[in-house]
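Notes for the one structure printed next.
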Amino acid sequence: MNDDFLLKKLNERQEQNAFRRLLLPTGKIDFCSNDYLGIVRNGLIEKKLAEQTHTTYRHGSTGSRLLAGNYALVEETEKMLATFHEAEAGLIFNSGYDANLGLLSCVPQRGDTIIYDYLSHASLRDGIRLSFAQSFSFRHNNLADLEKRLQAATGTIFVVTESVFSMDGDTAPLREISDLCEQYGAHLIVDEAHATGVVGEKGEGLVQQLNLTAKCFARIHTFGKAVGCHGAVILGSERLRNYLVNFARSFIYSTSLPEASVAAIHCAYELFPALHAERAQLQQLISTFQQAKGTWEKLVSDTPIQIVIIPGNDPVKKVAGALQAAGLDVRAILYPTVPAGKERLRIVLHAFNSMTDLQSVIKLL
Ligand SMILES: Cc1ncc(COP(=O)(O)O)c(C=O)c1O
């Protein structure tokens, strides 16, 4: 089969020094995974599930939730998630990507307006692209720009943001954003992917920490990061849940998560609220890194995602290479994933990283 037509764009990637490759784990010190609390590394879910010797969970769900793929444990887990996150209802999706795609592609209609933070994750953007509503971005965390967009919006208005931004590690001014939404009658959608398990006394996320649950139209919590599993839940009203069951195509036309995955999510939610020491250790590492002096520009971040800007794909790859040669698994984020000139090291901190390991990163930088 001739596939030469693929070469043009692949060559472009090579020329930009931005060619993506799949790498296998190399046993270096983890400064790149999303396992913020160490739930995966320490096998906490496996240990807890092993205690349930009387139960076995199926590894196939055999269909979409609307056909053979619905079962008691998934509905029970949705109720547990809604209770924990102080929502009326929840609907589990196979991934955060699926949740965002499903929600944004089906809720806003033609004539409506979606206003989203410029740094919103690809899954939010892809959902927005699939929607028939008009959409505008506002400058990252910029309330004045958001308000300008709100003033010009028509139809039902949706404002989309992340609570913790995946590529900058900073947090959204959610209280102020929710005030603006209230003032302009807009519906607030918050993606809590990187806040789940990490932000709040019990890892409940930023919305709950700020007491804003009643101000949100929808929240997305994903399970592939600090929760140490896979999948996501969309939280909102019972009516929103019914709507998604009827119209969210990534929910309807996909085989549901099997019992084994949902049992793991259930287990993780029994575990992570109590991981106070892990969250405290993370905070110590975060402050140490934020206070460290260095030559490179460092973004302000109160979360495990720490960013050091090293402009240019070549230079940032070189620095990441040097850190990796020293046994520290720090990854470079290249253009076009981030804007040209904003290439960066994305240093992800974990409760299991030692202060000595972090000092090695700082020293090398
Ligand atoms: C902000 C944000 N939302 C959604 C997702 C997608 O979640 P998942 O990995 O579960 O598909 C990610 C993943 O990187 C993310 O960073």
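Quick notes on this one:
- Residue in segment 141-149 that is within 13 Å of the ligand (Cβ to nearest atom) and modelled with pLDDT of 95 or more present: no
- Residues of segment 99-119 satisfying the condition of being crowded, with 23+ Cβ neighbours inside 10 Å and either within 10 Å of the ligand (Cβ to nearest atom) or part of a helix (DSSP H, G or I) (or both): 99, 100, 101, 102, 103, 104
- Out of 238, 176, 192, sole residue that is within 15 Å of the ligand (Cβ to nearest atom), modelled with pLDDT of 95 or more and charged (D, E, K, R): 192
- You will find that of 112, 117, 191, the residue that is under 15 Å from the mean Cα position of the chain (by Cα), closer than 26 Å to residue 245 by Cβ and of a type in the set (Asp, Glu) is 191 and no other.
- In segment 234-266, the residues that are touching a strand residue (DSSP E or B) at 6+ places or on another chain (Cβ under 6 Å) and exposed (fewer than 15 other Cβ atoms within 10 Å of the Cβ): 238
- Of residues in segment 83-98 being more than 8 Å from the ligand (Cβ to nearest atom) and not in a strand (DSSP E or B), the one most open to solvent (accessible area, probe 1.4 Å): 88
- For segment 205-222, the set of residues classified as part of a helix (DSSP H, G or I), open to solvent by 10 Å² or more (accessible area, probe 1.4 Å) and touching a His at 6+ places or on another chain (Cβ under 9 Å) consists of 208, 213, listed by residue number.
- Contact map, segment 238-254: first residue closer than 18 Å to residue 88 by Cα, second residue open to solvent by 20 Å² or more (accessible area, probe 1.4 Å) and of a type outside the set (A, V, I, L, M), Cβ cut-off under 6 Å, separation 6 or more or different chains; pairs are 238/88.
- Counted residues, segment 194-203 - those being open to solvent by 10 Å² or more (accessible area, probe 1.4 Å) and under 16 Å from residue 302 (Cα atoms): 5
- The lone exception for residue 80 - which of (1) closer than 30 Å to residue 265 by Cα; (2) open to solvent by less than 30 Å² (accessible area, probe 1.4 Å); (3) among the aliphatic types (A, V, I, L, M) it fails: (2)
- Looking across 124, 210, 150, one residue alone is within 22 Å of residue 36 (Cβ to Cβ) and touching a strand residue (DSSP E or B) at 6+ places or on another chain (Cβ under 9 Å). It is 124.
- For residue 225, the conditions (1) under 24 Å from residue 159 (Cβ atoms); (2) in a loop (DSSP other than H, G, I, E, B); (3) away from the ligand (no atom under 16 Å from the Cβ); (4) not polar (S, T, N, Q) are fulfilled apart from (3).
- Wholly enclosed strands (runs of 3 or more DSSP E) of segment 304-365 bearing at least 3 residues open to solvent by less than 30 Å² (accessible area, probe 1.4 Å): 305-309, 344-348
- Close pairs (7 angstrom Cβ cut-off, 6 or more residues apart or separate chains): in contact (Cβ under 8 Å) with a residue 40 or more places away in the chain and farther than 23 Å from residue 114 by Cβ in segment 190-202, more than 10 Å from the ligand (Cβ to nearest atom) and of a type in the set (Phe, Trp, Tyr) anywhere: 197/36; 197/272; 198/36
- Test result for residue 68, within 16 Å of the ligand (Cβ to nearest atom) and closer than 22 Å to residue 254 by Cβ: no
- Annotation for segment 120-132: no member residue is away from the ligand (no atom under 16 Å from the Cβ), in a helix (DSSP H, G or I) and either open to solvent by 30 Å² or more (accessible area, probe 1.4 Å) or free of Cβ contacts under 8 Å to residues at least 60 places away in the same chain (or both).
- Residue ID - farthest from residue 290 (Cα to Cα), chosen from residues in segment 146-183 that are part of a helix (DSSP H, G or I) and open to solvent by less than 10 Å² (accessible area, probe 1.4 Å): 150
The values are calculated or read from the model by the stated rules, or taken from the named source; none is laboratory data. Keep in mind the model is a prediction, meaning the values are calculated, not measured. With ideal geometry, Cβ positions are generated from the backbone for all residues, glycine too; neighbour counts draw on all protein chains shown. We work out accessible area using only protein heavy atoms, side chains counted, and drop any ligands, DNA or RNA first. Shrake-Rupley method; radii C 1.70, N 1.55, O 1.52, S 1.80 Å.
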